[in-house]
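Every number in this text was worked out from the coordinates using simple rules, so none of it is lab data. Note that the structure is predicted; figures quoted are calculated from it, not measured. Neighbour counts are summed over all protein chains in view; Cβ atoms, including those assigned to glycine, are modelled from backbone coordinates with ideal geometry.
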Amino acid sequence: MSDRARAIAVQVEQFVRETVAPFERDPRRGPHGPSDALVDELKTLARGAGVLTPHILADGAHLTQRETAIILTATGLSPLGPVACNTAAPDEGNMYLLGKVGTPEQKAHFLEPLVRGESRSCFFMTEPAEAGGAGSDPSMMKTVCRRDGDDWIIDGRKRFATGADGAHIGIVMAKSEEGACMFLLDLPDPAIRMVRVLDTIDSATPGGHGEVEISGLRVPSAHMLGEAGEGFRYAQVRLSPARLSHCMRWLGACIRANEIAVDYANRRTAFGKPLIDHEGVGFMLADNLIDLRQCELMIDWCAGVLDAGSLGTTESSMTKVAVSEALMRVADRCVQVMGGTGVSGDTIVEQVFREVRAFRIYDGPTEVHKWSLAKKIRRDWMAANGQ
Ligand SMILES: Cc1cc2nc3c(=O)[nH]c(=O)nc-3n(C[C@H](O)[C@H](O)[C@H](O)COP(=O)(O)OP(=O)(O)OC[C@H]3O[C@@H](n4cnc5c(N)ncnc54)[C@H](O)[C@@H]3O)c2cc1C
């Protein structure tokens, strides 16, 4: 690991533990996520501490994925850390994609305000299930786009767009005759109606998760991201690093939840001795230590694959499944070790449990990753056996 990444991670960890964590009791942490006023205050503090967007260097270059891992894990030590440091989803994934695929003009207009932490963004891909739209299977996309002179016109409905309410920048996926396309949007736009913000189990992201109706949205050709028909390929560019960065942030959150559970189990007594001295509790904390270390190593392995220039589709699928499932076990044990306090809002353990539950679904549910891995196993077997 590079010295520069270690130095940044230390600075970020100190900031999140000392400055951000006290805001975990701030009433502006609403049911759909922290308010923009709270997020802006935290970003101002991060800017002052020199830890805003810490994974992107002053010249716009990204740190390597292995370097990013230790920094994003440090931002995750509080559920408010990623929004404070500007490493949260979906902005972090959108910044990565824009940095890879955007033109110089698109970067100046859309990417730079995001890197400076002045705007929030969202990603519109998923569509309502009851209308048969895109979900686990993105090829079911119903949202359409068509050329009109030098513009494109988009119509459709999107659901679960994290941060859509209050975002200034959007990336929308739609189908054209050439195939899937991606467009950059200035928000709000009168052609995009906010239908509702969903009530969901998680509450870490500002703006919650929005459902929108898009009617006759006009987008200039210059705001198409890359080429028409290449949308799914760009989604892949974003997908592996975005999956991995979720693993990094939620690893940080579970490390902190485990610290809280360890502290509880050492201070609290029952039946004449500290909880940790009861084997049932001690074993749960031992299992947490094992799962957390396995997550760290799996993230580091997958990050190394991406750093070597691979798209890492298989490796990021394996890592996303292993880490999200392991972190769910960790968060559940933390709740259990802490008894009633574990399910109360007195500590962040209860929130971490809710966040990690949702993580098993977004960026590909566990079963979809396993299904695609099984298809690869079949393909490899066929090739090895000349079939
Ligand atoms: C908190 C949260 C934030 C999100 N943020 C965004 C966002 O910002 N932008 C966006 O576009 N979307 C977002 N999503 C949507 C997310 O990407 C979808 O929920 C996900 O792709 C699954 O689609 P679906 O909900 O339609 O589930 P469905 O496609 O209906 O699948 C339901 C279940 O079926 C099973 N299943 C599906 N296919 C298979 C298979 N091949 N083999 C075995 N089992 C299978 C899985 O268990 C899956 O969980 C978010 C979702 C959540 C929960």
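Can you give me the distance in nm between label points at Arg329 and Asn266, each placed 7 Å from the Cα along the Cα-to-Cβ direction?
So the two model labels end up 2.4 nm from each other.
Over the range 202-271, consider all pairs of different Cα atoms and compute the Kirkwood hydrodynamic radius from their mean reciprocal separation; express it in Å, one decimal.
Numbers: mean 1/r = 0.0585 Å⁻¹.
Kirkwood hydrodynamic radius for the range 202-271: 17.1 Å.
Remind me, relative contact order of the chain in percent, using alpha carbon pairs under 8 angstrom and six or more residues apart?
So the answer I get is 16 percent.
Between Pro79, Pro188, Pro54, which gets the highest mean-square fluctuation from a Gaussian network model of the chain, Cα cutoff 10 Å?
It is Pro188.
So, with +1 on the Cβ of K and R and -1 on the Cβ of D and E, and no other charges, what is the size of the charge dipole of the chain about its Cα centre, to the nearest 20 debye?
Roughly 600 debye, rounded to the nearest 20.
Taking every pair of distinct Cα atoms and averaging 1/r, then inverting, what Kirkwood hydrodynamic radius in Å comes out for the chain?
About 21.6 Å for the chain.
For the chain, what does the helix formula give at 222 nm: sum of -39500 (n - 2.57) over DSSP H segments with n ≥ 4, over the residue count, nearest 500 deg cm²/dmol?
Rounded to the nearest 500, it is -15500 deg cm²/dmol.
Restricting to lysine pairs 8 or more places apart or on different chains, what number in the chain have Cα atoms under 21 Å apart?
Details: Lys142/Lys158; Lys142/Lys175; Lys158/Lys175; Lys320/Lys370; Lys320/Lys375; Lys320/Lys376.
For the chain, the number of qualifying lysine pairs is 6.
When the label point is put 7 Å from the Cα of Ala129 along its Cα-to-beta-carbon vector, which residues of the range 184-220 have a backbone N closer than 15 Å?
198-201
Give me the Debye-computed log₁₀ of I(q)/I(0) at q = 0.14, 0.16 Å⁻¹ for the range 307-380, equal point scatterers on Cα only, no solvent, two decimals.
Ignoring solvent entirely, the Cα scatterers give -0.55, -0.65.
Considering the Cα trace of the range 241-375, what is its radius of gyration and what is Dmax, both in angstroms?
Final numbers for Rg and Dmax: 16.2, 56 Å.
With a ≥ b ≥ c taken as the square roots of the eigenvalues of the C-alpha gyration tensor of the range 63-195, please select rounded if a/c is under 1.5 and otherwise prolate if a/b is larger than b/c or oblate if it is not?
Prolate.
Would you mind telling me which residue in Thr87, Thr75, Thr200 has the biggest mean-square fluctuation in a Gaussian network model of the chain, where springs connect alpha carbons within a distance under 10 angstrom?
Answer for the Gaussian network model of the chain: Thr200.
Kirkwood Rh over alpha-carbon pairs of the range 1-145, then Stokes-Einstein at 4 °C and 1.567 mPa s: what D in µm² s⁻¹, rounded to an integer?
It comes out at roughly 78 µm²/s.
Could you give P(r) for the range 186-233, binned at 10 Å from zero, as whole percent values over all Cα-Cα pairs?
20, 35, 36, 9
Please report the relative contact order for the range 180-299, taking Cα pairs under 8 Å with a sequence separation of at least 6, and give it as a percent rounded to a whole number.
Reported relative contact order: 23 percent.
Please compute the modelled spin-label separation between Arg17 and Gln387, points set 7 Å along Cα→Cβ, answer in nm with one decimal.
Placing both labels 7 Å beyond Cα along the Cβ direction yields 5.5 nm.
Quick check: net charge around Ile153, other residues with Cβ under 11 Å of its Cβ, Lys/Arg +1 and Asp/Glu -1?
Here the count lands on 0.
Among Met194, Met328, Met125, determine the one that fluctuates most according to a GNM of the chain built with springs between C-alpha atoms less than 10 Å apart.
Looking only at Met194, Met328, Met125, the largest GNM fluctuation is found for Met194.
If you bin the C-alpha pair distances of the range 239-321 every 10 Å from 0, what whole percents do you get?
All Cα pairs considered, the percentages come to 17, 37, 22, 16, 7, 1.
Going from the alpha-carbon gyration tensor of the range 141-268, what semi-axes, largest first and in whole Å, does one get by taking the root of 5 times each eigenvalue?
Ellipsoid semi-axes (Å, largest first): 37, 17, 11.
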